[in-house]
Each structure stands twice: as C-alpha cells, then as structure tokens.
Amino acid sequence: MDEIKRIDRQLVHKGKVIDFYQDTMLMPDGNTVKWDLIDHDGAVAVVAVREDGKLLMVRQYRNPLDRYTLEIPAGKLDTRDEDPKSAALRELSEETGFVCDDIEYLTTIYTTVAFCNEKIGLYLAKDLKDRHPQHLDEDEYIDLEAYTLDELRQMIYEGRIQDSKTIVGILLYASKYHL
C-alpha cells in the first residue's frame with residue numbers, strides 16, 4: 001500500500017471537549033489534500049448491572065441530536081493519560097451514585113474513525129453498592145433508570161437506542177454473559 005504522510009497540522013479551534021485540526025496530507029500520487037481531525041482525550045463507559053440483573057441507564061439531553069437519549073453511564077477522561085479503569089469507577093459513581101469494588105474491562109471502541117480519534121473504554125460493573133446520590137457536573141442533568149437486558153435489546157433492535165457505545169456495551173455484555 002502506498003504511503004500517505006501528514007505534512008502539516010493546524011489548530012482551527014480549541015474547545016472544551018474537543019480540538020479541531022486541519023491536516024495537510026501528502027498523497028501517494030504527490031497531490032496534497034486537507035483532512036479534518038477532531039482530537040479527543042478519550043472516554044469511558046460502564047455497563048452497570050444491579051443485583052436484580054437490571055442494567056443502570058442514564059437519560060440525558062444531547063445537544064448534537066437536539067433530544068434526550070438513553071445511554072450507559074459514561075464520561076470523558078480528565079486527562080489523556082488518566083487510568084481508564086479509575087475514570088470508569090468515577091463516572092459510575094458520579095452518574096449513578098453506585099460504586100463497586102472492581103470492574104471488568106470489556107473492549108475499546110473508536111467512535112468515528114473517518115474524522116475523530118475519540119476512543120471509549122467499555123467496562124462491566126457488577127456487585128454494585130448504593131453509596132450516595134448522583135454527583136453530576138454543573139452542566140449535566142441526568143435521570144437514572146434501570147431496564148432488563150431483554151428490554152434494552154428490544155430498544156436497540158427497534159432503533160430507540162442509537163448511541164454506539166451503549167449498543168456495543170449492551171450487546172457485548174449480552175453475548176458474553178447471556179448467550
């Protein structure tokens with residue numbers, strides 16, 4: 001395969017959650033092209049399973065979609081080099097009020113490889129302990145809900161859950177633990 005090489009990267013906008021760059025790329029035929037890049041520090045998401053088998057879900061408003069979505073608890077890494085497992089425990093606690101002694105790594109996904117480097121580490125939390133109320137960021141308004149695995153799969157198949165990290169997390173949990 002012929003080599004493609006980045007010859008320049010310009011910061012177009014520095015945001016709160018992402019940075020937007022425009023790269024100048026040298027193509028195998030010698031031409032240069034401009035490619036956009038959304039740079040993200042990374043995130044984590046947690047499939048949180050209560051003792052009764054129900055999965056904890058968060059309902060929150062998502063500005064890009066201009067509507068509320070139902071998702072597994074998740075959040076951005078505080079820094080690019082933050083330990084993802086620690087971040088997953090933090091997000092579980094903040095968004096749900098539940099804690100657990102240990103969580104299991106499931107997989108890592110890249111959300112939109114054509115123009116974004118965001119990666120999300122997916123974790124499984126069981127043996128939850130209800131420790132405190134939610135501790136949300138000042139711009140977060142999250143309702144906590146719980147559903148059976150069958151209810152969530154049905155919502156995925158009907159297109160009512162469309163968030164990729166949530167779909168991957170739920171279906172991976174289902175295939176790994178509920179054949």
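All of the numbers you see were taken from the coordinates with simple rules; none came from a lab. What you see is a predicted model, and the numbers here were worked out from it, not measured in a lab. Every residue, glycine as well, gets a Cβ built from its backbone with ideal geometry; the counts of neighbours run over all protein chains shown.
Helical content of the chain, expressed as a calculated mean residue ellipticity at 222 nm, amounts to -6000 deg cm²/dmol (DSSP H runs of 4 or more residues, -39,500 (n - 2.57) each, divided by residue number, nearest 500).
Which label marks the calculated value of mean projected area of the Cα convex hull in nm², given the options [x] 12.7; [y] 10.1; [z] 14.1? Here the calculated entry is [x]. Backbone amide hydrogens, once placed in the peptide plane, bring residue 42 within less than 5 Å of 77, 119, excluding anything fewer than 5 places away on its chain.
Which FRET efficiency value, to the nearest 0.05, do you get for residue 105 and residue 36 by plugging their Cβ-Cβ distance into 1/(1 + (r/R0)^6) with R0 = 30 Å? Mind dumping the intermediate values first?
Details: r = 31 Å, r/R0 = 1.02.
It comes out at approximately 0.45.
A full extension of the chain between residue 146 and residue 22 corresponds to an added length of 40.5 nm, given 0.36 nm per residue minus the alpha carbon distance. Of the GluC sites (Glu not before Pro) found in region 140-179, those in coil by DSSP whose Cβ has at most 15 other Cβ atoms within 10 Å are 140, 158. Rounded to the nearest 20, the Cβ-based charge dipole of the chain about its Cα centre (Lys and Arg +1, Asp and Glu -1) stands at 280 debye.
Span-like helix check, the chain: qualifying full DSSP H segments, with Cα axial length of 15 Å or more and mean Kyte-Doolittle of 0.0 or more, are 164-177. Please give the length that would be gained between residue 68 and residue 154 if that part of the chain were fully extended, namely 0.36 nm times their separation in residues minus their C-alpha to C-alpha distance (nm, one decimal). The residue 68-residue 154 span can extend by a further 29.1 nm. Evaluated over the chain, the count of Lys pairs having alpha-carbon atoms less than 19 Å apart is 21 (only pairs 8 or more residues apart or interchain).
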